[in-house]
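Below: the structure, in structure tokens.
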């Protein structure tokens, strides 16, 4: 360090503590609201300490659903979100590690063309082409299906670029050594490349799991049945009734449930998360 | 950069590429080309027939006052979110870059909101600032401030800006911190020896050296505001009140779904595509130059 001044550290601690409070406060309020009964939450004077309805609220949110309007319980939405997030993360890893392997380790006609076809997808997020994509899914009879939720969102280049970049850093000697040992493309992939790629795969998995879990517009469009909704879209529907009827304590319990899995992933796999985030942006 | 050690198979690489190419063609190129084609068509009221109308959808679009309004809204929204989240994140990152014992703890505490879905973030902020039951709306009312984001367009904008900034600080913080840590200590020490205090060192050494990161984040933030904030807007305001929070992306959705105007919606999609391609081009141009500092 250049110099060490005591007041400098104190200022840093003050500002950072303030920042953490700012970041945590909205979630704290939601957490508190999810422990009170409906009347306490709605009267606009909710205490800032936990109430006694925690178990009741979470039980109802997950298994029973709201009482006033015919609201769905969110238990099965959690499962849908999980399937969608896993499908997107694993699907993307699978198709992109294969295509990166082809582009880096083989020479064939139209190699550059294939790479560019994939690369261009970086430029257009799904939001720009929602209705035409919707129509494709409808024509393929994939509305209200996991395939419809997952496939359009794995059509992107981020994974391919990430693996390509990583493969380029692997020394050529490894492939030459494998070839001398008599390994073909399959053996080299399975015994050398895959074990080396574990960290890259894990980093991509973390980023894509969060991306998949947090999708909103796409599931909103292509799911019409309540049984196929994801939790992030479900939470909005809890609030579309008029304000007096919205059960905010259940909505807040749902919000907590909806953010728990991806936030846990960030906190417990912080290294992989940071690595994935920094590398997929390059 | 190319590999010199390669395999000689002829058919295998195509098989390896096949899954990704099929998915990309079916779910990306086909719909994207449909969007372009549809923007030249007009469907009748029943969606049975469509006629080729040339540029009429575009002319109709650019004759709409609401379209210009949505452009202004997008501009205001993205500049506010980008400026605020970058400034706040930079402040926190410079503090976390100091040699504090608790720095790793602060880092985790700062980055987790990245994982909160935009729609969920919107619902959290709506709850805090809800005019009748919001925990923070009540003190505002007591202070004599007539706060109502459900009726007042500026209040609604303020609310979605706060929610969007709250979520984006995490991302900017992470990249600023990485940028700060890559600045060589020796440069800062040299500044200190020359008698520059912490503030002076920040503005004359750190901030200029950080400019590649800042510029990269600026582009990423604008893209974020364009697309990822859809969930926030839909959950908090639904584009209202009176269209005051309808951004360009939200309008594509609203016109196509609620208005049933697929041709107009497709024309808007094409305009957005052009904007995003321009932004991405800027980003790539810049990324190549990133190392030159």
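The values are calculated or read from the model by the stated rules, or taken from the named source; none is laboratory data. What you see is a predicted model; the values in this text were computed from it and never measured. Glycine gets a Cβ as well: all are built from the backbone with ideal geometry, and neighbour counts include every protein chain shown.
Taking the stretch A:110-121 as the range and being assigned to a helix (DSSP H, G or I), more than 7 Å from chain B (Cβ to nearest Cβ) and either under 25 Å from the mean Cα position of the chain (by Cα) or free of Cβ contacts under 8 Å to residues at least 12 places away in the same chain (or both) as the test, the residues that pass are A:111, A:112, A:113, A:116, A:119, A:120.
Within the stretch A:39-65, the set of residues being closer than 18 Å to residue B:132 by Cα and either more than 31 Å from the chain's Cα centre (by Cα) or surrounded by fewer than 13 Cβ atoms within 10 Å (Cβ to Cβ) (or both) comprises A:39, A:40, A:42, A:43, A:44, A:45, A:46, A:47, A:48.
Can you find, within the stretch A:69-109, the residue that is farthest from the chain's Cα centre (by Cα) among those that are outside any helix (DSSP H, G or I) and more than 9 Å from chain B (Cβ to nearest Cβ)? Per the stated criteria, the residue is A:109.
All conditions but one from (1) under 27 Å from residue B:256 (Cβ atoms); (2) out of contact with any strand residue (DSSP E or B) (no Cβ under 8 Å at 6 or more places or on another chain); (3) surrounded by fewer than 14 Cβ atoms within 10 Å (Cβ to Cβ) apply to residue B:52; the one that does not is (2).
Checking the structure you have, find out if any residue of the stretch B:20-36 is outside any loop (DSSP other than H, G, I, E, B), over 30 Å from residue A:170 (Cα atoms), in contact (Cβ under 8 Å) with a residue 12 or more places away in the chain and more than 8 Å from every other protein chain (Cβ to nearest Cβ). Within the stretch B:20-36 (the criterion being outside any loop (DSSP other than H, G, I, E, B), over 30 Å from residue A:170 (Cα atoms), in contact (Cβ under 8 Å) with a residue 12 or more places away in the chain and more than 8 Å from every other protein chain (Cβ to nearest Cβ)), the answer is yes, since at least one residue qualifies. When B:12, B:41 are screened for being more than 28 Å from the chain's Cα centre (by Cα) and either at the interface with chain A (Cβ under 7 Å from one of its Cβ atoms) or free of Cβ contacts under 8 Å to residues at least 60 places away in the same chain (or both), only B:12 passes. Residue B:118: at the interface with another protein chain (Cβ under 9 Å from one of its Cβ atoms) and either closer than 30 Å to residue B:271 by Cβ or buried (at least 21 other Cβ atoms within 10 Å of the Cβ) (or both), yes or no? In short, yes.
Of all residues in the stretch A:1-27, those that are at the interface with another protein chain (Cβ under 10 Å from one of its Cβ atoms), without any contact (Cβ under 8 Å) to a residue 40 or more places away in the chain and either outside any loop (DSSP other than H, G, I, E, B) or touching a strand residue (DSSP E or B) at 6+ places or on another chain (Cβ under 9 Å) (or both) total 18. Check off (1) under 30 Å from residue A:251 (Cβ atoms); (2) at pLDDT 90 or above; (3) out of contact with any helix residue (DSSP H, G or I) (no Cβ under 7 Å at 6 or more places or on another chain) for residue A:94 and give me the number that stays unchecked. Residue A:94 satisfies all of (1) under 30 Å from residue A:251 (Cβ atoms); (2) at pLDDT 90 or above; (3) out of contact with any helix residue (DSSP H, G or I) (no Cβ under 7 Å at 6 or more places or on another chain) except (1).
For the stretch B:232-263, a residue qualifies if it is under 17 Å from the mean Cα position of the chain (by Cα) and in a loop (DSSP other than H, G, I, E, B), and the qualifying residues are B:239, B:245, B:246, B:247.
No other residue among B:3, B:10 is part of a loop (DSSP other than H, G, I, E, B) and surrounded by 13 or more Cβ atoms within 10 Å (Cβ to Cβ) apart from B:3. Considering only the stretch B:55-74, I want to know if a residue exists there that is in contact with a strand residue (DSSP E or B) (Cβ under 6 Å, 6 or more places away or on another chain) and either over 30 Å from residue B:180 (Cα atoms) or in a helix (DSSP H, G or I) (or both). Scanning the stretch B:55-74, I find no residue that is in contact with a strand residue (DSSP E or B) (Cβ under 6 Å, 6 or more places away or on another chain) and either over 30 Å from residue B:180 (Cα atoms) or in a helix (DSSP H, G or I) (or both), so the answer is no. If I filter the stretch A:173-184 for residues that are closer than 27 Å to residue B:26 by Cβ and either surrounded by fewer than 17 Cβ atoms within 10 Å (Cβ to Cβ) or in contact with a strand residue (DSSP E or B) (Cβ under 8 Å, 6 or more places away or on another chain) (or both), do I get at least one hit? Taking every residue of the stretch A:173-184 in turn, none turns out to be closer than 27 Å to residue B:26 by Cβ and either surrounded by fewer than 17 Cβ atoms within 10 Å (Cβ to Cβ) or in contact with a strand residue (DSSP E or B) (Cβ under 8 Å, 6 or more places away or on another chain) (or both).
Evaluation of residue B:93 against the conditions (1) buried (at least 18 other Cβ atoms within 10 Å of the Cβ); (2) more than 8 Å from every other protein chain (Cβ to nearest Cβ); (3) more than 25 Å from the chain's Cα centre (by Cα) shows that the sole unmet condition is (3).
Please determine, by comparing only the residues of the stretch A:182-227 that are at pLDDT 90 or above and in a loop (DSSP other than H, G, I, E, B), which one is farthest from residue A:73 (Cα to Cα). Among them, the one singled out is A:197. Criterion applied to B:100, B:188 was being touching a residue at least 12 places away in the same chain (Cβ under 8 Å) and surrounded by fewer than 24 Cβ atoms within 10 Å (Cβ to Cβ), and the one residue passing it is B:188. Within the stretch A:253-266, the set of residues being within 16 Å of residue A:213 (Cα to Cα) and either more than 12 Å from the chain's Cα centre (by Cα) or crowded, with 21+ Cβ neighbours inside 10 Å (or both) comprises A:254, A:255, A:256, A:257, A:258, A:259, A:262, A:265, A:266.
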